[in-house]
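The values are calculated or read from the model by the stated rules, or taken from the named source; none is laboratory data. Small disclaimer: the values here were computed from a predicted structure and weren't measured. Backbone-built Cβ (ideal geometry, glycine too); neighbour counts: all protein chains shown. Accessible surface is based on the protein model in full, side chains and every heavy atom, while ligands, DNA and RNA are left aside. Shrake-Rupley method; radii C 1.70, N 1.55, O 1.52, S 1.80 Å.
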Amino acid sequence: MEKKIQLYLEGKLPKEEQEHLLAWIRKDNNQAQYDSIKKAWWEKHQATQQKAILNLSQTRLRNRLNEKQDLQKSKRYLAFYRYASIALLLLGLSGAAWVYRTYSNTELQYTEFHTDLGQVSSMTLSDGTKVWINSGTQLRYNNQYGTQNRDVAVVGEAYFEVAKDKRRPFIVDMGPLKVEVTGTQFGVSNYSDSEAASVVLKEGAVNIRSAKNKLITRLKPDELVLLNKQNKTLETQVVEPENYISWKDGILHFYELPLEQLALKLQKRFNQQFEVDPFVKDIPYTFSVEGESLSEVLRLIERLSPVKAIQEGTVIKLKYMNH
């Protein structure tokens, strides 16, 4: 089974065997074995990747230094990659938590971090700001971060504990919204497959701005602002922030959440594709998920409602049991 898991992680396992592997993982006690094998594979893969990147960087640097060009001209063409210090923290979830890449746009170089579905990671930026990145999320910043700006862009979900710096505000670009702070704790959610984007504030204060940088509102602790992406309406609510940011500790809280939206959250948490019967898509659920396996969550859904979870290939279909 270890060999099959390694092939699956490398993208080399045939589709029919993938289905058998996924079914095996969902059986009791097999998830832990899978997590252990995947963690070992990732650590080995990460070390190899970092060595390759280092060798490539050294080769490029030597080639640049050997070029007989004017010093100023060389500076314009020499790629300079400025990485923030990174401290990954896998929150009890399986597998490789992140990947990164860099690319250039005129004078700026950008660094992107991506978390896989089913993964949560954390990192510390060069200014001391701590970031938790939820499953299926992309975070981006440029090489001037911490010196000329403190700008990041997020597609997905993230939680920030921002280091204080009144001279350089910390700005999160969410596309339709921007969040501006100088030092505080807050969470943002902006998945591309969601009809809404939100910001929830735990401590301090944040300014909510439009994509064109116009001030819309200012949040106080225990407030959440919710943007409907379709009709562009904005709503501010008083909430319990922990219900919206506990994912960083491996806990999910659902309150009156329709099954269709619940399936999207479970898909990100467990890296499992779902199809929801239109007949039951609006059934609301209220419960929490902490250390439960996917099979345990599905059994709970079946007990709470007339829904049956049926595995068909690599997809789990949530059907009305009499439909």
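Some notes on this structure:
- Restricting attention to the stretch 128-154 and to residues that are open to solvent by 40 Å² or more (accessible area, probe 1.4 Å) and over 19 Å from S192 (Cα atoms), the residue that is nearest to the chain's Cα centre (by Cα) turns out to be K130.
- Residue that is farthest from the chain's Cα centre (by Cα) [pool: residues in the stretch 224-234 that are surrounded by fewer than 19 Cβ atoms within 10 Å (Cβ to Cβ) and within 18 Å of E180 (Cα to Cα)]: L234
- Considering each residue of the stretch 157-164 in turn, at least one proves to be in a strand (DSSP E or B), open to solvent by 20 Å² or more (accessible area, probe 1.4 Å) and under 21 Å from S121 (Cα atoms).
- Restricting G187, G175 to residues that are under 21 Å from the mean Cα position of the chain (by Cα), crowded, with 18+ Cβ neighbours inside 10 Å and farther than 30 Å from K317 by Cα narrows the list to G187.
- The stretch 285-308: number of residues that are at pLDDT below 90 and aliphatic (A, V, I, L, M): 0
- Some residue of the stretch 217-239 being touching a helix residue (DSSP H, G or I) at 6+ places or on another chain (Cβ under 9 Å) and of a type outside the set (A, V, I, L, M, F, W, C): no
- Qualifying residue in the stretch 204-220 (condition: of a type in the set (D, E, K, R) and within 16 Å of the chain's Cα centre (by Cα)): no
- From the list T115, T124, the lone residue that is crowded, with 18+ Cβ neighbours inside 10 Å and at pLDDT 90 or above is T115.
- So K268, is it surrounded by 14 or more Cβ atoms within 10 Å (Cβ to Cβ) and touching a Lys or Arg at 6+ places or on another chain (Cβ under 9 Å): no
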